[in-house]
Every structure is written in structure tokens, then in C-alpha cells.
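Colleague: Sharing a structure, written as C-alpha cells. Questions coming.
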Amino acid sequence: SSSSYNDGDGWSCQNLYDGEPSSWQDNSLQCQDGWVEFSFSKELYIEFLVFQNVEDSKSFSRNFKARDILITTNDSEFLLNKELENDNTSQWVDVNTTTSYLKIDILSSYPGIEVSGSDPFDECAIQEITFYGRG
């Protein structure tokens, strides 16, 4: 990932695929120039991915969230732009390509907001990214 907030305290990019409600958070960069990349041990056909913002409503509201993303692979011809919704439900993104590498660049974001007197966070947060396809 481009950065991780307080990596030793549990906000590393490994949280993106652990199946837990933990999240990856950037190092107070508000999603600017943020990216996450995935390397697979072999070529896989990725039909779609599911992007999950932080489900906890207070944390969701206070953190920055990815808005416009660019997905690239090791195929220089493959470019996929997608605008994500500003909500904390699962969002499907059709990919339909074969690759052993995938990168998600965050091009813009939704800002965090104050919740019940608690200031917004400076961190960009993503809870989970799950890939669906076949080997």
C-alpha cells in the first residue's frame, strides 16, 4: 500500500483480505495519492471484486473514503475507472480479466465528517477487498 497508519497497531494493508472488520488506513493522507496492490501466486481470472468501506457507522462517517478509483493490472491495455458510492455497504466492481497483479489507485475521496462532537479523522479507510473468479 502507499502507506499505513500506525502499522504496528493494526491498520496495515493485510487487513484488506483478512475477513475481519479491521481496516487498512493510510498514514493521515486523506486518500491523496493512495493505492493498494495485490500480487497473486498465479494468473487468475478475476470476474469482479467486492469493495467494502468500514461498516461501523461512526468510523465510516469520520474517515475519508475512496470515491474515484483506477484499477490496473500487469496488462498495460487494462484500465478500469469506477466511482464508488459514499456508503458502508458492499460494492461490486466488474473486472473480467486474467492477471497475477492488480493495483487500485485512489483518485479522489469523500471526506470524513464530525460525529456527535468527535472530529473527523485524517485517514483514508477501507475494510475489505474480496476477489471473485477462478484459477
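The values are calculated or read from the model by the stated rules, or taken from the named source; none is laboratory data. From a predicted model like this one, the values you see are computed outputs, not experimental measurements. All Cβ positions, even for glycine, are placed from backbone atoms using ideal geometry, and neighbour counts span all protein chains on display. Note: accessible area is taken over every heavy atom of the protein model, side chains too, but ligands, DNA and RNA are not part of it. Shrake-Rupley method; radii C 1.70, N 1.55, O 1.52, S 1.80 Å.
Colleague: Going by accessible area, probe 1.4 Å, with all protein chains left in place, what is the ranking of R67, R134, largest first?
Modeller: Largest accessible area first, the residues go R134, R67.
Colleague: For Cα pairs less than 8 Å apart in space and 6+ apart in sequence, what is the mean separation divided by the residue count of the chain, i.e. the relative contact order in percent?
Modeller: It rounds to 38 percent for the chain.
Colleague: For Cα extents along the principal axes in Å, pick the label among [x] 41, 30, 29; [y] 47, 29, 24; [z] 47, 31, 20 that corresponds to the value derived from the coordinates.
Modeller: [y]
Colleague: Can I ask one more? What order do Y132, Y45 take when sorted by accessible area (1.4 Å probe), most exposed first?
Modeller: Heavy-atom accessible area, descending, gives Y132, Y45.
Colleague: Here's something else I'd like to know. Return, in residue-number order, each cysteine of the chain whose C-beta is not under 4.7 Å from any other cysteine's C-beta.
Modeller: Within the chain, the cysteines lacking a partner Cβ under 4.7 Å are C13.
Colleague: On the full set of protein chains, 1.4 Å probe, figure out the accessible area of D94 and give it in Å² to the nearest 10.
Modeller: Approximately 100 Å² for this residue.
Colleague: Connecting C-alpha atoms closer than 10 Å in a GNM of the chain, tell me which of S90, S12, S116 has the biggest fluctuation.
Modeller: It is S116.
Colleague: I would also like to ask the following. When ranked by the protection proxy of mean other Cβ atoms within 10 Å per residue, highest first, what sequence do the peptides 22-35, 95-108 form?
Modeller: The peptides rank, most packed first, as 22-35, 95-108.
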